[in-house]
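Structure first, commentary second.
The values are calculated or read from the model by the stated rules, or taken from the named source; none is laboratory data. This is a predicted model, so every value here is computed, not measured. Here the Cβ positions follow ideal geometry from the backbone for every residue, glycine too, while neighbour counts run over all protein chains shown. Each accessible area value is taken on the protein alone, full model and side chains, heavy atoms only, with ligands, DNA and RNA left out. Shrake-Rupley method; radii C 1.70, N 1.55, O 1.52, S 1.80 Å.
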Amino acid sequence: MSFNTFGQLFRVTTWGESHGPSIGCVVDGCPPGIELSEADIQPFLDKRRPGTSRFTTQRQEPDQVKILSGVYQGRTTGTPISLLIENTDQRSKDYANIAERYRPGHADVAYDMKYGHRDPRGGGRSSARETAMRVAAGAIARKVLGPEVVIRGAMTALGAHGIERANWDWAQVDANPFFCPDAKAAEAWEAELDAVRKAGSSIGAVLEVVAEGVKPGLGAPLYGKLDADIAAALMSINAVKAVEIGDGFAAAALHGEENADEMRMEDGKIKFLSNHAGGILGGIATGQPIVARFAVKPTSSILIPKQSVSADGEEVEVMTKGRHDPCVGIRAVPVGEAMLACVLADHLLRHRGQVG
């Protein structure tokens with residue numbers, strides 16, 4: 001299986017399976033001399049960790065990260081940084097009944113079509129368990145970017161139920177189990193997701209990630225566009241089916257004079273009067289907040305029987321037992337933040353290499 005690495009100068013390679021002994025990653029290209037310890041990484045992993053509320057899988061993984069290389073006396077050396085997380089709460093027997101059956105909506109059938117062999121325990125490499133290492137790599141990317149770049153994420157819709165933009169409050173994101181910036185919406189979502197969970201079903205979500213403090217100039221036309229790489233990074237997250245930058249699809253409903261981000265001068269600098277473009281024009285960062293949204297489909301592993309087929313070509317019904325996220329989008333918020341951080345760190349190093 002190839003293509004386990006992303007990035008050009010800031011490169012991340014992840015490895016491991018959901019029910020293997022451990023998962024890990026190697027971050028290559030991190031500049032030397034940056035202060036880094038496990039304590040810099042762990043808080044981000046804790047945000048993604050399973051079992052933190054009744055609305056996520058009850059698999060109990062501490063997700064304690066270990067730095068195995070690339071750091072000496074508390075600073076990066078410029079050599080590859082290897083990270084490790086041990087898996088401690090696998091229940092492979094939960095997947096015995098689907099070892100030869102394909103879950104509708106899951107990557108099971110596609111993996112078998114491509115490789116002729118797959119790991120059914122939790123989905124193997126196709127499991128969202130792999131994203132823990134992306135979050136760890138994203139913590140290192142944030143150190144490369146520096147404290148002036150602030151990256152935050154939020155859930156803006158649970159299924160068909162969206163937030164009121166007028167109620168947006170970043171302080172609310174850490175005050176509820178949904179990373180929701182609208183306290184009123186978060187309260188309503190509790191009842192909605194409780195009903196979905198009790199029915200043995202699942203539901204999708206829309207997430208938004210924002211990066212502030214990004215200096216203008218990152219990104220390169222035509223085939224190294226910053227927004228193209230952000231879209232690819234977010235689309236690579238498990239269960240993501242759509243990505244948009246700025247106004248995204250909504251821009252198609254606007255007239256030119258509405259969509260154009262007008263400019264004036266303020267204190268000798270260009271000031272944009274709006275941000276329909278999401279902080280990127282022509283594939284290059286403008287210095288405005290970078291805004292991206294991505295849609296996550298409902299979890300495929302559900303208790304409701306669905307028609308499917310087996311590896312032997314037999315028509316069967318599939319019902320997935322075990323511990324699963326009724327909305328995998330909740331824990332995708334810190335993953336989206338991490339992928340945005342990795343792309344920005346990569347483009348920062350590429351920008352320095354081109355223009356100094």
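Return only the number of the condition from (1) open to solvent by 10 Å² or more (accessible area, probe 1.4 Å); (2) closer than 21 Å to residue 292 by Cα that residue 181 does not satisfy.
Of (1) open to solvent by 10 Å² or more (accessible area, probe 1.4 Å); (2) closer than 21 Å to residue 292 by Cα, only one is false for residue 181: (1).
Does the range 100-122 contain at least one residue that is part of a strand (DSSP E or B) and surrounded by 13 or more Cβ atoms within 10 Å (Cβ to Cβ)?
Among the residues of the range 100-122, at least one is part of a strand (DSSP E or B) and surrounded by 13 or more Cβ atoms within 10 Å (Cβ to Cβ), which makes the answer yes.
Rundown of residues vs (1) free of Cβ contacts under 8 Å to residues at least 60 places away in the same chain; (2) over 18 Å from residue 10 (Cβ atoms); (3) not small (Gly, Ala, Ser), yes/no style:
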{"site": "260", "(1), (2), (3)": "yes, yes, no"}
{"site": "265", "(1), (2), (3)": "yes, yes, yes"}
{"site": "276", "(1), (2), (3)": "yes, yes, yes"}
{"site": "299", "(1), (2), (3)": "no, yes, yes"}
{"site": "314", "(1), (2), (3)": "yes, yes, yes"}
{"site": "347", "(1), (2), (3)": "no, no, yes"}
{"site": "350", "(1), (2), (3)": "no, no, yes"}
{"site": "353", "(1), (2), (3)": "no, no, no"}
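Could you say whether any residue in the range 309-320 is charged (D, E, K, R) and assigned to a loop (DSSP other than H, G, I, E, B)?
Taking the range 309-320 first, the residues charged (D, E, K, R) are 312, 314-315, 317.
From what's left, assigned to a loop (DSSP other than H, G, I, E, B): 312, 314.
Scanning the range 309-320 turns up at least one residue that is charged (D, E, K, R) and assigned to a loop (DSSP other than H, G, I, E, B).
Results for (1) under 30 Å from residue 195 (Cβ atoms); (2) not hydrophobic (A, V, I, L, M, F, W, C), shown as yes or no for each residue.
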{"position": "263", "(1), (2)": "no, no"}
{"position": "290", "(1), (2)": "no, no"}
{"position": "304", "(1), (2)": "yes, no"}
{"position": "316", "(1), (2)": "yes, no"}
{"position": "337", "(1), (2)": "yes, yes"}
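Quick one: residue 169 ticks every box in (1) in contact with a strand residue (DSSP E or B) (Cβ under 7 Å, 6 or more places away or on another chain); (2) surrounded by fewer than 14 Cβ atoms within 10 Å (Cβ to Cβ) except a single one, so which number is it?
(1)
In the set 14, 76, which member is touching a Leu at 6+ places or on another chain (Cβ under 9 Å), hydroxyl-bearing (Ser, Thr, Tyr) and under 18 Å from residue 345 (Cα atoms)?
On the way: 14 fails: touching a Leu at 6+ places or on another chain (Cβ under 9 Å).
Result of the check over 14, 76: 76.
Identify the residue in the range 18-40 that is under 30 Å from residue 324 (Cα atoms) and open to solvent by 70 Å² or more (accessible area, probe 1.4 Å) and, among all such residues, is farthest from the chain's Cα centre (by Cα).
Within the range 18-40, the subset under 30 Å from residue 324 (Cα atoms) is 18-27, 38-40.
Right, trim to open to solvent by 70 Å² or more (accessible area, probe 1.4 Å) and you get 21, 38-39.
Working: 21: 23, 38: 20, 39: 21 Å.
Selected residue: 21.
Test each condition in (1) of a type in the set (Gly, Ala, Ser); (2) within 24 Å of residue 148 (Cβ to Cβ); (3) open to solvent by 50 Å² or more (accessible area, probe 1.4 Å) for residue 287 and report the one that comes out false.
(3)
Could you count how many residues in the range 251-271 are touching a strand residue (DSSP E or B) at 6+ places or on another chain (Cβ under 8 Å) and open to solvent by 40 Å² or more (accessible area, probe 1.4 Å)? Walk me through how you get there before you give the answer.
First, the residues of the range 251-271 that are touching a strand residue (DSSP E or B) at 6+ places or on another chain (Cβ under 8 Å): 261-265, 270-271.
From the residues that got through so far, the ones that are open to solvent by 40 Å² or more (accessible area, probe 1.4 Å) too are 262-265, 270-271.
So the count comes out to 6.
Does residue 275 satisfy the condition of being modelled with pLDDT under 95, surrounded by 12 or more Cβ atoms within 10 Å (Cβ to Cβ) and not in a helix (DSSP H, G or I)?
Numbers: modelled with pLDDT under 95: no; surrounded by 12 or more Cβ atoms within 10 Å (Cβ to Cβ): yes; not in a helix (DSSP H, G or I): yes.
Here the answer is no, as residue 275 does not meet what is asked.
Among the residues of the range 140-154, is any in contact (Cβ under 8 Å) with a residue 12 or more places away in the chain, within 16 Å of residue 330 (Cα to Cα) and open to solvent by 20 Å² or more (accessible area, probe 1.4 Å)?
Filtering the range 140-154 for residues in contact (Cβ under 8 Å) with a residue 12 or more places away in the chain gives 140-145, 148-154.
Among the residues that remain, those that are also within 16 Å of residue 330 (Cα to Cα) are: 152-154.
From what is left, the residues that are open to solvent by 20 Å² or more (accessible area, probe 1.4 Å) are 152.
Looking through the range 140-154, at least one residue is in contact (Cβ under 8 Å) with a residue 12 or more places away in the chain, within 16 Å of residue 330 (Cα to Cα) and open to solvent by 20 Å² or more (accessible area, probe 1.4 Å).
Considering each residue of the range 184-211, count those that are of a type in the set (A, V, I, L, M, F, W, C) and open to solvent by 50 Å² or more (accessible area, probe 1.4 Å), and give that number.
Initial filter on the range 184-211 (of a type in the set (A, V, I, L, M, F, W, C)): 185-186, 188-189, 191, 193, 195-196, 199, 203, 205-207, 209-211.
Among the residues that remain, those that are also open to solvent by 50 Å² or more (accessible area, probe 1.4 Å) are: 188, 191, 195, 199.
Summing the residues that are of a type in the set (A, V, I, L, M, F, W, C) and open to solvent by 50 Å² or more (accessible area, probe 1.4 Å) in the range 184-211 gives 4.
Condition (residue is more than 24 Å from the chain's Cα centre (by Cα) and either over 23 Å from residue 237 (Cα atoms) or open to solvent by 50 Å² or more (accessible area, probe 1.4 Å) (or both)) applied to the range 291-301: is it met by at least one residue? Explain how you work it out, then say what you get.
Keep residues of the range 291-301 that are more than 24 Å from the chain's Cα centre (by Cα), which gives none.
The answer is no; no qualifying residue exists.
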